[in-house]
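The values are calculated or read from the model by the stated rules, or taken from the named source; none is laboratory data. What you see is a predicted model; the values in this text were computed from it and never measured. A quick note on method: Cβ atoms are made from the backbone with ideal geometry, for glycine too, and the neighbour counts reach across all protein chains shown.
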Amino acid sequence: MRSLCCALVQLALLSTTSLLVAQGPAAQPVKLAIDAAHAKGNVSPMLYGLMTEEINFSYDGGLYAELVRNRTLQDGNGPSHWFLHEGDAPAATMKIDKTTGPSTALPVSLRLEVPAGPALRDLPAVENEGYWGIPMRAQTQYTGSFYAKSDGPQSVTASVVNNTTGAVLATATVAVQGGWQRYSFQLKTGAIQASANNRLRLAVSKPGTTWFTLVSLFPPTYHDRANGFRADLMEKLAAMHPAFLRLPGGNYLEGDHINERFDWKKTIGPFVDRPTHPSPWRYHSSDGMGLLEFLEWCEDLKMQPVLAVYAGYSLRGDYVKPGTDLEPYVQDALDEIEYVTGSANTRWGAERVKDGHPEPFALQYVEIGNEDWFDKSGSYEGRYAQFYKAIKAQYPQLQLIATTPVKQTRPDVVDDHYYRTARQFFDDVHHYDNTDRNGPKIFVGEWATREGSPTPNFGAALGDSAWMTGMERNSDLIVMSSYAPLLVNVNPGGMQWETDLIGYDAMQSYGSPAYYAQVMFSNHVGNEILPVVQTGDAPRLFYSVTRRASDGTVIVKLVNASSQPQKVQLALDGVSHVSPSAKLLTLSARTTAATNTLTSPRTVEPVESAISNAAPRFTHTMPAYSIQVLELKTK
């Protein structure tokens, strides 16, 4: 009896729901008339790319695979993230020594002093806790090094030790003697359980004083690059098929003050000669990711660099007056471009060759500054003009980007930034539809729907996707776009900005729903923009249509940001045939709050299927809260 009642109730509910849907606004399908005979413009081949900066432990503690935190002892006032293991020497001491280091760039070291006493079994040591742990995996080799000096012959044993059990997971010993030298070692794990609950230990074998700095430990890296990048994060970025990387990115370029900017000349060459610097997000940058490493990142992912040069303004309001005062900074930018693109016969091209990269890098775009609308001095107009004139005189082929509209000198491209709610993006998807095509091109260099923490929820993915349809429809004008911020370390204290595309801790990473929306859009886009005329009204339905000219594939992007399914009539004019079978990619969720996490990384992810009713005219039903890509084979 109970089962029959339940069945009747469910039937009644289903009937009521069907009636509501039939009577709702989605009952009358909207019609999208696609003119496949006349493309209205070309899609920019660089439409989708990457923007990062040192925020949320994106580089140190994130993409940059270094496992040792505060490796040069310059982060904080004391030996932050370093600890003393007394072992059998309770009188041992550890402290920062600001009087000695291996170079003028690194004048600080960690001094371990062990007084004379009985024989040592549990060796005194200094320990580093890493970025929320030192991740270790079974049967894996790790590459380590450190600079050290000692007041006599000393053996240093490097090991990784479990925080809870004290078990030694891997170990190696090197002989240290005399003045500052670099020592390297390899650590190989056995059949251990993967965990980040570990520390790196540097232990000495006898009494004496030993100094350490630039302590390093790397896991296997992407493409096995020395001093390289974390493989799982690089694989996620590679899946986006980005066309460019805006580097070094945002506020990180400017610094809080002029002397804290990304001073590129101090980030190249041997690490022992890189002085490091404070980042504007309240932690210290190791500068292991210097200019060359950024360029190699581009090389690894087959991206073009979009080089942002410091233009004389920093976040706390410091600025350089145009004219004579600005000339050294303009020259610095010219030198930087030469380092990137110059041959071995140029001064800075030769420096790049010495740093290990003989071939120049391709460069098309240079951005002058970052978010200079914050500069209340009004100096950007003159600063931009001075950079523009000097760079164009030497490199006329380069496209120069202004970070805010300027009047005296017409830029090639203007950088627009948008951080909004989903509703704000829904309401502004036609932002660029009527923009003057005779003006500068547009680079949407930073944008995101800021809903969800630490990474976007599905509602944010809907806002992002709606906005991307508008950018695609106008990709004759919008030459580039890049979501920001890209990365976040989700450990407590790791995030300075909500909402971020990809989350991770020391051991694992995940893509947010918005990440998968990015992958869908960047991986499925043609090279021609097709005009679309919409007939009828549909709540929160957004679209873009492009065509791949090489094979005639029409790519329809549809976003249903409403809570009800929506029928869409698609009419393709100018084609003689449409294959009935079409690939369909769907990203959907039952609620806008649905999201991915470290523990549930695949709650929301794209599903590939097919439809069998494609034709020059056919009706397609979109699920509620969904993002879809249809690939139609046409003739």
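From the set of residues in segment 157-189 that are of a type in the set (Phe, Trp, Tyr) and within 33 Å of the chain's Cα centre (by Cα), which is farthest from Leu214 (Cα to Cα)? For segment 157-189, the residue satisfying everything is Phe185.
What do you reckon, is Leu214 in the same structural domain as Val126 (by TED's automatic domain parsing) and hydrophobic (A, V, I, L, M, F, W, C)? Here the answer is yes, as Leu214 does meet what is asked. Can you say whether Arg547 is in contact with a Ser or Thr (Cβ under 9 Å, 6 or more places away or on another chain), at pLDDT 95 or above and on the phi > 0 side of the Ramachandran plot, as far as the supplied structure shows? Here the answer is no, as Arg547 does not meet what is asked.
For segment 491-535, give me the residue count where each residue is closer than 24 Å to Pro29 by Cβ and touching a Gly at 6+ places or on another chain (Cβ under 8 Å). Total satisfying the criteria: 1. Of all residues in segment 514-528, count the ones that are surrounded by 21 or more Cβ atoms within 10 Å (Cβ to Cβ) and more than 18 Å from Ser482 (Cβ to Cβ). So the answer is 1. For segment 390-404, the criterion of being at pLDDT 95 or above, closer than 30 Å to Met468 by Cα and exposed (fewer than 15 other Cβ atoms within 10 Å of the Cβ) is satisfied by at least one residue. Within segment 178-214, the set of residues being charged (D, E, K, R) and outside any loop (DSSP other than H, G, I, E, B) comprises Arg182, Lys188, Arg199, Arg201.
For Leu200, the stated conditions hold: it is at pLDDT 95 or above, out of contact with any helix residue (DSSP H, G or I) (no Cβ under 9 Å at 6 or more places or on another chain), buried (at least 17 other Cβ atoms within 10 Å of the Cβ) and aliphatic (A, V, I, L, M). The one condition from (1) of a type outside the set (Val, Ile, Thr); (2) surrounded by fewer than 16 Cβ atoms within 10 Å (Cβ to Cβ); (3) assigned to a helix (DSSP H, G or I) that Phe387 does not meet is (2). Restricted to strands (runs of 3 or more DSSP E) entirely inside segment 468-532, those with at least 3 residues that are under 30 Å from Met136 (Cα atoms) are 487-489, 502-504, 509-511.
Residue check: Asn251 meets all listed conditions (1) within 20 Å of Pro485 (Cβ to Cβ); (2) touching a Lys or Arg at 6+ places or on another chain (Cβ under 7 Å); (3) in contact (Cβ under 8 Å) with a residue 40 or more places away in the chain but one, namely (2). The set of residues in segment 124-147 being crowded, with 22+ Cβ neighbours inside 10 Å, more than 25 Å from the chain's Cα centre (by Cα) and not in a strand (DSSP E or B) consists of Pro124 alone.
Matching residues to (1) of a type in the set (Phe, Trp, Tyr); (2) under 30 Å from Leu73 (Cβ atoms); (3) in a loop (DSSP other than H, G, I, E, B); (4) in contact (Cβ under 8 Å) with a residue 40 or more places away in the chain:
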residue: Ala238; (1), (2), (3), (4): no, no, no, yes
residue: His241; (1), (2), (3), (4): no, no, yes, yes
residue: Lys265; (1), (2), (3), (4): no, yes, no, yes
residue: Gly269; (1), (2), (3), (4): no, yes, yes, yes
residue: Pro275; (1), (2), (3), (4): no, yes, yes, yes
residue: Arg282; (1), (2), (3), (4): no, yes, yes, yes
residue: Leu295; (1), (2), (3), (4): no, yes, no, yes
residue: Cys298; (1), (2), (3), (4): no, no, no, yes
residue: Leu307; (1), (2), (3), (4): no, no, no, yes
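Here Ala506 clears all of (1) within 30 Å of Trp281 (Cα to Cα); (2) touching a helix residue (DSSP H, G or I) at 6+ places or on another chain (Cβ under 7 Å) except the condition numbered (2).
Matching residues to (1) in contact (Cβ under 8 Å) with a residue 24 or more places away in the chain; (2) more than 27 Å from Tyr365 (Cβ to Cβ):
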{"position": "Ala460", "(1), (2)": "yes, yes"}
{"position": "Trp467", "(1), (2)": "yes, no"}
{"position": "Glu472", "(1), (2)": "yes, no"}
{"position": "Asp476", "(1), (2)": "yes, no"}
{"position": "Val479", "(1), (2)": "yes, no"}
{"position": "Val488", "(1), (2)": "yes, no"}
{"position": "Gly493", "(1), (2)": "no, yes"}
{"position": "Gln496", "(1), (2)": "yes, yes"}
{"position": "Thr499", "(1), (2)": "yes, no"}
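Using the structure shown, decide if Leu73 is within 30 Å of Ala194 (Cα to Cα) and aliphatic (A, V, I, L, M). Criteria met by Leu73. The numbered conditions (1) under 25 Å from Val43 (Cβ atoms); (2) surrounded by 24 or more Cβ atoms within 10 Å (Cβ to Cβ) are all true for Val533 except (2). Restrict the check to segment 334-354 and report whether at least one residue is at positive phi, at pLDDT 95 or above and of a type outside the set (Ser, Thr, Tyr). No, segment 334-354 has no match at all.
Within the option set Ser279, Ser286, Ser216, being of a type in the set (S, T, N, Q) and under 30 Å from Ala116 (Cα atoms) holds for one residue only, Ser216. Could you list, in sequence order, all residues of segment 415-448 that are in contact (Cβ under 8 Å) with a residue 60 or more places away in the chain and either touching a helix residue (DSSP H, G or I) at 6+ places or on another chain (Cβ under 8 Å) or in a loop (DSSP other than H, G, I, E, B) (or both)? Of everything in segment 415-448, those that are in contact (Cβ under 8 Å) with a residue 60 or more places away in the chain and either touching a helix residue (DSSP H, G or I) at 6+ places or on another chain (Cβ under 8 Å) or in a loop (DSSP other than H, G, I, E, B) (or both) turn out to be Ala422, Phe426, Val429, Glu446, Ala448.
The set of residues in segment 601-635 that are over 20 Å from Gly574 (Cβ atoms), crowded, with 17+ Cβ neighbours inside 10 Å and not β-branched (Val, Ile, Thr) comprises Pro606, Met622, Ala624, Tyr625, Ser626, Gln628. Within this structure, Ser343 fails the test of being farther than 24 Å from Pro405 by Cβ and buried (at least 22 other Cβ atoms within 10 Å of the Cβ). For a quick check of your reading of the model, give me the residue pairs whose first member lies in segment 79-97 and is more than 15 Å from Leu202 (Cα to Cα) and surrounded by fewer than 14 Cβ atoms within 10 Å (Cβ to Cβ), whose second is basic (Lys, Arg) and at pLDDT below 95, with beta-carbon atoms closer than 8 Å and at least 6 apart or on different chains. As it stands, the answer is none, since no pair meets every condition given.
In segment 120-169, how many are among the hydrophobic types (A, V, I, L, M, F, W, C), in contact with a Gly (Cβ under 9 Å, 6 or more places away or on another chain) and closer than 19 Å to Gly87 by Cβ? Residues in segment 120-169 being among the hydrophobic types (A, V, I, L, M, F, W, C), in contact with a Gly (Cβ under 9 Å, 6 or more places away or on another chain) and closer than 19 Å to Gly87 by Cβ: 5 in total. The residue of segment 412-448 that is surrounded by the most Cβ atoms within 10 Å (Cβ to Cβ), among those that are aliphatic (A, V, I, L, M) and more than 20 Å from the chain's Cα centre (by Cα), is Ala422.
Just one of the listed residues (Asn56, Asn70) is surrounded by 20 or more Cβ atoms within 10 Å (Cβ to Cβ) and touching a Ser or Thr at 6+ places or on another chain (Cβ under 6 Å), namely Asn70. Has segment 406-414 got at least one residue that is among the acidic types (Asp, Glu), within 29 Å of Asp325 (Cα to Cα) and part of a loop (DSSP other than H, G, I, E, B)? Yes; the residues of segment 406-414 include at least one that is among the acidic types (Asp, Glu), within 29 Å of Asp325 (Cα to Cα) and part of a loop (DSSP other than H, G, I, E, B). Screening Glu451 against (1) touching a residue at least 40 places away in the same chain (Cβ under 8 Å); (2) surrounded by 23 or more Cβ atoms within 10 Å (Cβ to Cβ); (3) in contact with a strand residue (DSSP E or B) (Cβ under 8 Å, 6 or more places away or on another chain) leaves a single unmet condition, (3).
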